[in-house]
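Remarks on the structure that follows.
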Amino acid sequence: MIMYSEAKTVKEKIISGIKGFGKIRLKTDHSSILTYTALTLILFLAFTIRLFPMRWEIDPATGKSNLLLSEFDPYFQYRFTEHIVKEGFISWIGWIDYQRWYPQGFNIARAAYPGLPLTAALLYGIISTLGVDIDLMSFCALFPAIMAILASLAIYFLGKDVGGRPVGLLSALILALHPSYIQRTSVGFFDDETIGILAMILFIFLFLRAVEENRHINSTIKYAIASGLALGYFCAGWGAAYYPIGVTVLFTFILLLLKRYNLKIL
């Protein structure tokens, strides 16, 4: 009798939980729905427009598309990534590449930027563990288009912080359709810019949040650390990282001259 009563109680709790779950509703308004729909379309456009080079890689005999890399630098990045995938994440530190520079050899640890190969190797290892069947060459070819989606999403949040949702959507659309950025993130262009632009946007976004006047000190510290990590990732992935560093220093210096600074900047 006691067991029957306990079973009945458990059953009632389960039924009550299911009914409560059914009452959950996402609190959204028409403006939010339109914004998220527009953002989704922009991200979809950013990805699909970068797949256009695949039409030149279709094998006439089979009708299938073979994903390959374009230009010369992406093949070096591919070899770098392949070396990490096969030999381990710290194997590149002592690697002298004689295929890139002969006979002296090319010291990878001193002269190359490991950010892109390490990122690609990590993501490739994750999707391989999850059971996704894709070869490394195809993954590296698709990698730039995937990073373009993330960069467009990141700049939406940056624009939203600066001027609201309309500015965020416009920023994402401009980046998604920017000719120079399309060229550098199309299928096959596996080079430093793919992670560099994303890292730069993240750094600016986090830095501006860190210096907001009304933000609590604990939140400021978290954003400051995160912006520093984003900048460090940027420096590890692309030589152009010196430019945002200089701009940030100039920005801070101008604020000091105009006396529009606060203790968070100092």
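The values are calculated or read from the model by the stated rules, or taken from the named source; none is laboratory data. Everything numeric here is computed off the predicted structure, so don't read it as measured data. Glycine gets a Cβ as well: all are built from the backbone with ideal geometry, and neighbour counts include every protein chain shown.
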Open item on the list: Looking only at segment 85-105, how many residues end up being part of a helix (DSSP H, G or I) and surrounded by 14 or more Cβ atoms within 10 Å (Cβ to Cβ)?
Closed with: 2
TODO: Exactly one condition in (1) among the aliphatic types (A, V, I, L, M); (2) surrounded by 16 or more Cβ atoms within 10 Å (Cβ to Cβ); (3) part of a helix (DSSP H, G or I); (4) over 14 Å from the mean Cα position of the chain (by Cα) is not met by LEU208; state its number.
DONE: (2)
- [ ] Go through (1) over 17 Å from THR119 (Cβ atoms); (2) surrounded by 14 or more Cβ atoms within 10 Å (Cβ to Cβ); (3) of a type outside the set (A, V, I, L, M, F, W, C); (4) without any contact (Cβ under 8 Å) to a residue 12 or more places away in the chain and name the single condition GLY232 misses.
- [x] (1)
Open item on the list: Tell me the residue from ILE108, ILE149 that is surrounded by 13 or more Cβ atoms within 10 Å (Cβ to Cβ) and within 20 Å of the chain's Cα centre (by Cα), please.
Closed with: ILE149
Task: Unique match (being more than 26 Å from the chain's Cα centre (by Cα) and either at pLDDT below 90 or closer than 30 Å to MET147 by Cα (or both)) among VAL85, VAL10 - done: VAL10
TODO: Give just the number: which of (1) in contact with a helix residue (DSSP H, G or I) (Cβ under 7 Å, 6 or more places away or on another chain); (2) in a helix (DSSP H, G or I); (3) in contact (Cβ under 8 Å) with a residue 24 or more places away in the chain does VAL162 not satisfy?
DONE: (1)
Task: Residue that is farthest from PHE234 (Cα to Cα) [pool: residues in segment 80-139 that are touching a residue at least 24 places away in the same chain (Cβ under 8 Å) and touching a strand residue (DSSP E or B) at 6+ places or on another chain (Cβ under 7 Å)] - done: ARG100
Open item on the list: Whether any residue in segment 43-59 is in a helix (DSSP H, G or I), surrounded by 10 or more Cβ atoms within 10 Å (Cβ to Cβ), among the polar types (S, T, N, Q) and modelled with pLDDT under 85 is what I want to check.
Closed with: no
Task: Single condition VAL187 does not satisfy, out of (1) over 14 Å from the mean Cα position of the chain (by Cα); (2) assigned to a helix (DSSP H, G or I); (3) over 23 Å from GLY232 (Cα atoms); (4) touching a residue at least 24 places away in the same chain (Cβ under 8 Å) - done: (2)
Open item on the list: So LEU250 ticks every box in (1) in a helix (DSSP H, G or I); (2) at pLDDT below 90 but one. Which box is left unticked?
Closed with: (2)
- [ ] Looking only at segment 240-253, decide whether some residue is under 24 Å from PHE143 (Cβ atoms) and under 14 Å from the mean Cα position of the chain (by Cα).
- [x] no
TODO: From PHE143, PHE76, grab the single residue that is surrounded by 14 or more Cβ atoms within 10 Å (Cβ to Cβ), modelled with pLDDT of 95 or more and not basic (Lys, Arg).
DONE: PHE143
